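Colleague: This is the structure I want to talk about, given as C-alpha cells.
The values are calculated or read from the model by the stated rules, or taken from the named source; none is laboratory data. What you see is a predicted model, and the numbers here were worked out from it, not measured in a lab. All Cβ positions, even for glycine, are placed from backbone atoms using ideal geometry, and neighbour counts span all protein chains on display. Ligands, DNA and RNA are excluded from the accessible area calculation, which covers all protein heavy atoms including side chains. Shrake-Rupley method; radii C 1.70, N 1.55, O 1.52, S 1.80 Å.
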Amino acid sequence: EAQVTQNPRYLITVTGKKLTVTCSQNMNHEYMSWYRQDPGLGLRQIYYSMNVEVTDKGDVPEGYKVSRKEKRNFPLILESPSPNQTSLYFCASSPGLAGLGEQYFGPGTRLTVT
Amino acid sequence: DAKTTQPTSMDCAEGRAANLPCNHSTISGNEYVYWYRQIHSQGPQYIIHGLKNNETNEMASLIITEDRKSSTLILPHATLRDTAVYYCIVRPPLYNFNKFYFGSGTKLNVKP
C-alpha cells in the first residue's frame, strides 16, 4: 500500500532533550516536506526537500533540522526542543515538480514539549 | 503569490450537494487551483485540481470561472464522512514551489 509513515505518532518530552521524528514513504517520491499545524495558524511548512541531499527552508524553519540521505526517508530533528514547538506535525511527499501539488500526507505526530 | 479566501464554515444536509466556494482573484495564468481536505486531525487528503477547465473525479467536481478568479468544489452527494476542513490552494509557479499555503479553509458540517 502506498503510504507515508511517521514515528512516533505521539511524543511527550522535556525542554532541551533532542528528538527525531521519522518520516518514510514507499512511493519513490522525489519531493518531501514537513509541516506543523497549530490552532488558528493552520498548516505551515517547516522544511522541504526536492531530492536526496537537497533541502531548503520553508516558512518556519527555526529550531528544526532535516536531512535527506535516502530518497524514502526525511527525518525531522529538534536539537533542543522548546514548549513553543508543541504542535501537530505532518510529513508529506509528492512525485516531483510535475506533481508537486498532489501531496500525500502522513498520519501526523503530536508532540508535546514541557 | 496568489492567496485564497474561503468561508469559515458551511453546513450541508446529508445526501445533498455541497458547494464550497473559493476566491482567488489574484491568481496568475500558470497557477493551478488545488483542493485538499482534512478530517479531524488526520493528514490532509488531496481531492482534485484544475487550471481552467472544469474537472471531475470520483470524489468531487471542480468548477473554475472563466476569468479564473474563483472556483467551487462540489461534493455531489455529501455524507457524514465528508465532514472536514476543506482547503483551496493556489499552486505557485515552479520557481516558488516552497510556498504552498493551506490557509484557514472551510469547515464543512454535514448534518443528518
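Colleague: May I ask you to list the residues in the stretch A:1-30 that are in contact with a Leu (Cβ under 6 Å, 6 or more places away or on another chain) and not polar (S, T, N, Q)? It would help to see each step written out before you state the result.
Modeller: Kept after step one, since they are in contact with a Leu (Cβ under 6 Å, 6 or more places away or on another chain), are these residues of the stretch A:1-30: A:11, A:13, A:19, A:21.
Within the stretch A:1-30, A:L11, A:L19, A:V21 meet the criteria.
Colleague: Scanning the stretch A:15-54 for residues that are among the charged types (D, E, K, R) and open to solvent by 40 Å² or more (accessible area, probe 1.4 Å), which turns out nearest to B:S104 (Cα to Cα)? Quick ask: steps written out before the conclusion?
Modeller: Restricting attention to the stretch A:15-54, the residues satisfying the condition of being among the charged types (D, E, K, R) are A:17-18, A:30, A:36, A:38, A:44, A:53.
Keeping just the survivors that are open to solvent by 40 Å² or more (accessible area, probe 1.4 Å) gives A:17-18, A:30, A:44, A:53.
Working: A:K17: 32, A:K18: 31, A:E30: 27, A:R44: 11, A:E53: 32 Å.
Step by step, filter the stretch A:15-54, then rank; the result is A:R44.
Colleague: If you check B:Y86, B:Y34, which single one turns out to be surrounded by 18 or more Cβ atoms within 10 Å (Cβ to Cβ), within 11 Å of chain A (Cβ to nearest Cβ) and in contact (Cβ under 8 Å) with a residue 24 or more places away in the chain? If you could, list the steps in order and put the result at the bottom.
Modeller: On the way: B:Y86 fails: within 11 Å of chain A (Cβ to nearest Cβ).
Among B:Y86, B:Y34, only B:Y34 is surrounded by 18 or more Cβ atoms within 10 Å (Cβ to Cβ), within 11 Å of chain A (Cβ to nearest Cβ) and in contact (Cβ under 8 Å) with a residue 24 or more places away in the chain.
Colleague: How many residues does the stretch B:19-60 contain that are in a strand (DSSP E or B), hydroxyl-bearing (S, T, Y) and closer than 24 Å to A:Y89 by Cα? Lay out the reasoning, then the answer.
Modeller: Narrowing the stretch B:19-60 to residues in a strand (DSSP E or B): B:19-23, B:33-38, B:45-50, B:55-56.
Add one more test, that the residue is hydroxyl-bearing (S, T, Y), and what stays is B:34, B:36, B:46, B:56.
Among the residues that remain, those that are also closer than 24 Å to A:Y89 by Cα are: B:34, B:36, B:46.
Result for the stretch B:19-60: 3.
Colleague: Within the stretch B:1-31, count every residue that is open to solvent by 80 Å² or more (accessible area, probe 1.4 Å), of a type in the set (D, E) and more than 18 Å from B:R81 (Cβ to Cβ).
Modeller: Start the filter on the stretch B:1-31 by keeping residues that are open to solvent by 80 Å² or more (accessible area, probe 1.4 Å), which leaves B:1, B:3, B:5, B:8, B:11, B:14, B:16, B:26, B:30.
Filter once more, so that each one left must be of a type in the set (D, E): B:1, B:11, B:14.
Cutting the leftovers down to more than 18 Å from B:R81 (Cβ to Cβ) gives us B:1.
Number of matching residues: 1.
Colleague: While we're here: Conditions first: (1) surrounded by fewer than 13 Cβ atoms within 10 Å (Cβ to Cβ); (2) in contact with a Ser or Thr (Cβ under 8 Å, 6 or more places away or on another chain). B:R81 passes all but one, so which condition is the exception?
Modeller: Here B:R81 meets the rest and fails (2).
Colleague: B:K107 versus (1) in contact (Cβ under 8 Å) with a residue 60 or more places away in the chain; (2) open to solvent by 10 Å² or more (accessible area, probe 1.4 Å); (3) within 15 Å of A:G42 (Cβ to Cβ); (4) part of a loop (DSSP other than H, G, I, E, B): which is the lone unmet condition?
Modeller: Result: B:K107 passes all but (4).
Colleague: From the set of residues in the stretch A:72-95 that are modelled with pLDDT under 95 and more than 11 Å from the chain's Cα centre (by Cα), which is farthest from B:Y46 (Cα to Cα)?
Modeller: Ranking the candidates gives A:P95 first.
Colleague: Quick one: how many residues across the stretch A:11-53 are assigned to a strand (DSSP E or B) and farther than 19 Å from A:N73 by Cα? Quick ask: steps written out before the conclusion?
Modeller: Pass one, the stretch A:11-53, residues assigned to a strand (DSSP E or B): A:11-13, A:19-25, A:31-38, A:42-51.
If we keep only those that are farther than 19 Å from A:N73 by Cα as well, we get A:11-13, A:37-38, A:42-44.
Number of matching residues: 8.
Colleague: Being modelled with pLDDT of 90 or more, loosely packed, with under 14 Cβ neighbours inside 10 Å and either out of contact with any Phe, Trp or Tyr (no Cβ under 9 Å at 6 or more places or on another chain) or over 18 Å from B:I89 (Cα atoms) (or both), is that true of even one residue in the stretch A:96-111? Outline the logic, then answer.
Modeller: Going through the stretch A:96-111, the residues modelled with pLDDT of 90 or more turn out to be A:104-111.
Okay, now just the ones that are also loosely packed, with under 14 Cβ neighbours inside 10 Å, so none.
Checking the stretch A:96-111: not a single residue is modelled with pLDDT of 90 or more, loosely packed, with under 14 Cβ neighbours inside 10 Å and either out of contact with any Phe, Trp or Tyr (no Cβ under 9 Å at 6 or more places or on another chain) or over 18 Å from B:I89 (Cα atoms) (or both).
Colleague: Starting from the stretch B:39-53, keep only residues that are without any contact (Cβ under 8 Å) to a residue 60 or more places away in the chain and under 13 Å from A:Y35 (Cβ atoms), then list their pairs with residues that are among the β-branched types (V, I, T) and open to solvent by less than 50 Å² (accessible area, probe 1.4 Å) whose Cβ atoms are within a distance under 8 Å, requiring at least 6 positions of separation or different chains.
Modeller: Hits for this filter: B:G43/A:V4.
Colleague: A follow-up question, please. Of all residues in the stretch B:3-18, how many are touching a Leu at 6+ places or on another chain (Cβ under 8 Å), among the hydrophobic types (A, V, I, L, M, F, W, C) and part of a strand (DSSP E or B)?
Modeller: So the answer is 3.
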